[in-house]
Amino acid sequence: MTRFPLSFLHFLPTAAPTSVQRWMTVLALAACPLAAQAHGDGQHNNTHAQHAATNPGPAVQTEWGIAGRPGQVNRSVRLRMDDRMRFTPDHFEVREGETLRIEVHNTGKVMHEFVLGTAAEHKAHAAEMAGNPNMAHDAPHMVHVAPGKKGSLVWTFNRTGDFDFACLVAGHFEAGMVGKVKVKPASTSPAVKAPAAASATQAGHGAHSH
């Protein structure tokens with residue numbers, strides 16, 4: 001059996017290792033765009049949510065009203081959200097044309113949100129959230145509140161009717177975390193004061209015939 005010195009190994013062809021290394025390099029380069037895309041998508045979602053919260057853009061009329069401005073606020077309404085999946089109070093009334101600052105306090109230990117809309121809108125949105133719990137959603141008619149924190153939104157109720165507010169965190173709407181808001185027509189004329197009731201003596205005198 002022929003013996004070769006160890007130094008002979010330096011002269012062996014390196015095609016196989018070089019080929020493996022070349023394939024590893026190709027695979028690594030191919031994986032980079034995928035990783036970058038995955039990271040970019042997550043970063044885009046976060047940036048989009050932050051942008052929507054701080055730059056809502058032009059106000060859009062909805063069936064239940066339109067985004068208001070802080071300088072338009074007529075009064076404030078305060079609600080609490082908790083882990084019993086309830087709002088307190090779970091209803092309030094508004095006059096058509098009023099702009100409210102709605103302040104919500106999450107007294108629970110999980111994330112909750114306040115979303116204005118209609119029963120049909122909430123049902124459809126809740127179904128989407130059930131299928132994709134991590135779906136990013138943000139708009140002027142909703143506010144997401146972390147445990148123990150407070151949040152608010154300003155809304156102009158320029159449409160009359162009965163509307164809903166709800167928490168659309170996956171499973172919360174289905175658990176009954178819903179409330180009602182009634183928007184009454186704006187008063188078009190001052191209330192007419194009813195005439196004072198006649199006294200018993202006057203009534204008796206008026207009934208007496210001469």
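The values are calculated or read from the model by the stated rules, or taken from the named source; none is laboratory data. Keep in mind that what you see is a predicted model, and the values were worked out from it rather than measured. In case anyone asks, the SASA skips ligands and DNA or RNA and just uses the protein heavy atoms, side chains included. Shrake-Rupley method; radii C 1.70, N 1.55, O 1.52, S 1.80 Å.
Using a 1.4 Å probe on the protein heavy atoms only, what accessible surface does Ile66 show? Give it in Å² to the nearest 10.
40 Å²
Can you send over the solvent-accessible area of Phe163, 1.4 Å probe, protein chains only, in Å² to the nearest 10?
About 10 Å², ignoring ligands and nucleic acids.
State the percent of C-alpha pairs, over all pairs in segment 59-106, separated by a distance greater than 16 angstrom.
49 percent
When only the heavy atoms of the protein chains count and the probe is 1.4 Å, how do Met129, Met85 rank by accessible area, highest first?
In descending accessible area the options line up as Met85, Met129.
Would you grab the residues whose amide H sits under 5 Å from the one on Leu79? Only those 5+ places off in sequence or on another chain, please, with H modelled 1.01 Å from N.
Counting only residues 5 or more places away or on other chains, the set is Glu103, Val104, His105.
Once the whole set of protein chains is in place, how much accessible area is left on Val94, using a 1.4 Å probe, in Å² to the nearest 10?
Using a 1.4 Å probe on the heavy atoms, I get roughly 0 Å².
What are the ³J(HN,Hα) values, in whole Hz, obtained from phi via the Karplus relation 6.51 cos²θ - 1.76 cosθ + 1.60 with θ = phi - 60°, for each residue of segment 112-117 in sequence order, with x given for Gly and Pro?
9, 8, 10, 10, 7, x
Whose amide H sits under 5 Å from the amide H of Lys149, counting only residues 5 or more places off or on another chain, with H placed in the peptide plane?
Amide H to amide H, under 5 Å and 5 or more residues apart or across chains, Lys149 pairs with Asn106.
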